[in-house]
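Please read the structure below before turning to the comments.
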Amino acid sequence: MKFEMGESGLTFVEALMALGISAVIGGLLVALLVNSAGIFYKESTKLQGGLNINESLSKVRESIKEAYSVATSYIDGLTTYTSSQTQLVLKVPSQDSSGNIIQNTYDHYVYFKDQNYLRFKIFPDATSVVKMQDQILTNTLDSINFQYFDLANTPQEVVPSTALKVRVSISLRKRVGLNFETNTATSEALLRND
């Protein structure tokens, strides 16, 4: 078989070179896609963590704004919840079935750390229409800190039962890829004190 110049087609060497170049380009594309997916996962995890911390902080703030006062403690069976740097016990005015406040009657809202969980419990008064609750606000809690203040021009830290303003700091620790990342947010709110 004779080969004449001018015939079209690829030689074996040219085919190998084309295959090699295609493999390199394909490898680069795969690396780019994997890296992009990793960045997307990391950023979406950060976004979810941000939403989670904001939702948790918002829930605590709303409860503080509804509360008449900070309770020193609340006893539920054998468990005592005590307002401190790591627990918050709020006295919230109870409501009847019409939505009216029942005078001198209070439900108790409790926020506390339980391992990696931020727990929220409601202990309603027997005459209240509010239902008992036991809710987990987040399962990535690293730390929570409550500070209690008066309303002076330069707020002074006070014992929980005399507080008129509460500051809460929440830190969430979440796995991002192979590492852990901690997000912290702080907010404060005034008690209702009607």
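The values are calculated or read from the model by the stated rules, or taken from the named source; none is laboratory data. As the structure is a prediction and not an experimental result, all values here were calculated from the model. Every residue, glycine among them, receives a Cβ derived from its backbone with ideal geometry; neighbour counts consider all protein chains shown. Keep in mind that these areas ignore ligands, DNA and RNA; they rest on the heavy atoms of the full protein, side chains included. Shrake-Rupley method; radii C 1.70, N 1.55, O 1.52, S 1.80 Å.
Going through (1) at pLDDT 90 or above; (2) open to solvent by less than 80 Å² (accessible area, probe 1.4 Å) one by one, E181 falls short only on (1). If we scan segment 107-118, do we find a residue that is part of a loop (DSSP other than H, G, I, E, B), open to solvent by 40 Å² or more (accessible area, probe 1.4 Å) and on the phi > 0 side of the Ramachandran plot? Checked segment 107-118: at least one residue is part of a loop (DSSP other than H, G, I, E, B), open to solvent by 40 Å² or more (accessible area, probe 1.4 Å) and on the phi > 0 side of the Ramachandran plot. In this structure, does Q156 turn out to be over 15 Å from the mean Cα position of the chain (by Cα) and at pLDDT below 95? It is true that Q156 is over 15 Å from the mean Cα position of the chain (by Cα) and at pLDDT below 95.
For segment 59-97, enumerate the residues that are under 20 Å from the mean Cα position of the chain (by Cα), open to solvent by less than 50 Å² (accessible area, probe 1.4 Å) and either over 18 Å from K113 (Cα atoms) or among the small types (G, A, S) (or both). Spell out how you get there, then give the answer.
To start, the set of residues in segment 59-97 that are under 20 Å from the mean Cα position of the chain (by Cα) comprises 59-65, 85-89.
Still in the list and also open to solvent by less than 50 Å² (accessible area, probe 1.4 Å): 60, 63-64, 87-89.
Answer for segment 59-97, where residues must be under 20 Å from the mean Cα position of the chain (by Cα), open to solvent by less than 50 Å² (accessible area, probe 1.4 Å) and either over 18 Å from K113 (Cα atoms) or among the small types (G, A, S) (or both): just S63.
Is one or more of the residues making up segment 149-166 among the aromatic types (F, W, Y) and over 18 Å from R61 (Cβ atoms)? Checked against the condition, which is being among the aromatic types (F, W, Y) and over 18 Å from R61 (Cβ atoms), segment 149-166 yields no hits at all.
Which members of segment 146-173 meet the condition of being open to solvent by 50 Å² or more (accessible area, probe 1.4 Å) and either at positive phi or not in a loop (DSSP other than H, G, I, E, B) (or both)?
Going through segment 146-173, the residues open to solvent by 50 Å² or more (accessible area, probe 1.4 Å) turn out to be 151, 153-157, 159, 161-162, 164, 167, 173.
Result: E157, S161, T162, R167, R173.
On the given criteria, is A126 out of contact with any Leu (no Cβ under 7 Å at 6 or more places or on another chain) and modelled with pLDDT under 90?
Details: out of contact with any Leu (no Cβ under 7 Å at 6 or more places or on another chain): yes; modelled with pLDDT under 90: no.
Answer is no for this residue.
Scanning segment 142-194 for residues being over 17 Å from F112 (Cα atoms) and of a type in the set (D, E) gives a total of 4. Candidates in segment 119-141 are the residues that are among the aliphatic types (A, V, I, L, M) and assigned to a loop (DSSP other than H, G, I, E, B); of these, the one that is nearest to T82 (Cα to Cα) is M132.
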